[in-house]
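Student: First the structure, then my questions, so here it is.
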Amino acid sequence: MAVFVALGAFLMTLAGGWVAQRVTDRRHLVLGLAGGLMLGVVGLDLLPEAIEAAGEPVFGVPMALLLFVGGFLVAHLVERLLSARQVAHGAGGGHHGDRVPQVGLTAAAAMLGHSLMDGIALGAAFQVSGSMGVAVALAVISHDFADGFNTYTLTSLYGNARRKALLMLFAAAVAPVVGAATTLLFTLPEELLGGYLGFFGGALLYLAAAEILPEAHHTHPARSTLLCTIGGVGFIWLVVGIAE
């Protein structure tokens, strides 16, 4: 049942990526929406789950929050290192010229890992009970549209070819199915899952705050872009509320 339901997540992920690539003439709106979706996923979905699952605090701070900050710093460090490497090879130049394709691929790979964990969470929920499985399925299928949207946007934003963006999108779509299937073989410890969600949330927030949203408002500081960002957060809030 979990694998069958994960096929719905597969279709929703592809649908999100299809929407992202079809509205390229409104790129600033796409980026504004993507930033809002990412912010909503981190603040309203990933962090609450991570804090609940990640176990005992470390020196007064929840482990999930420590890993969240660590994920933010690691994302910043990786981007700076890759940017410095590109400049050293003479490839830098300008605000847009210093965007490193590897950063986009790394971010998309993180989204892929998140989608894989979605599938694992889905399978584990069905192992507990059918009702819990349905609740988790609703959340996974709903926000996988945002995952597909963000995966394609992140990959293409950093100058990767459309073929690579589509390849990462397809991989992110398949990931929940693979994740659900793996639960037939093992169960992921709750604390490990919580730690991963915290770390991934920090990296995702960095990309949204430092890259996606500034790019959205760089050439089109329009009210419509801001409304798309707010709408993205609101959509994730609605999804989380329905799932609860």
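The values are calculated or read from the model by the stated rules, or taken from the named source; none is laboratory data. Being a predicted model, the structure only gives us computed values, none of them experimental. Please note: Cβ atoms are built from the backbone with ideal geometry, for glycine as well, and neighbour counts cover all protein chains shown. For accessibility, only protein heavy atoms count, side chains too; no ligands or nucleic acids. Shrake-Rupley method; radii C 1.70, N 1.55, O 1.52, S 1.80 Å.
Student: Of all the residues that make up the stretch 163-174, how many are touching a residue at least 12 places away in the same chain (Cβ under 8 Å) and charged (D, E, K, R)?
Tutor: Here the count works out to 1.
Student: If you don't mind, there's one more thing I want to ask. Filter the stretch 201-244 for residues that are open to solvent by less than 10 Å² (accessible area, probe 1.4 Å) and under 18 Å from LEU73 (Cα atoms) and give the result.
Tutor: Residues satisfying the conditions are GLY201, GLY202, LEU204, ALA208, ILE212.
Student: May I pose another question? Which residue pairs have Cβ atoms closer than 9 Å, lie 6 or more positions apart in sequence or on different chains, and pair a first residue in the stretch 175-198 that is more than 19 Å from VAL69 (Cβ to Cβ) and open to solvent by 100 Å² or more (accessible area, probe 1.4 Å) with a second residue that is in a helix (DSSP H, G or I) and modelled with pLDDT under 80?
Tutor: Listed by first residue and then by second, the contacts come to LEU184/ALA2; LEU184/VAL3; LEU184/GLY123; GLU190/ALA53; GLU190/ALA124.
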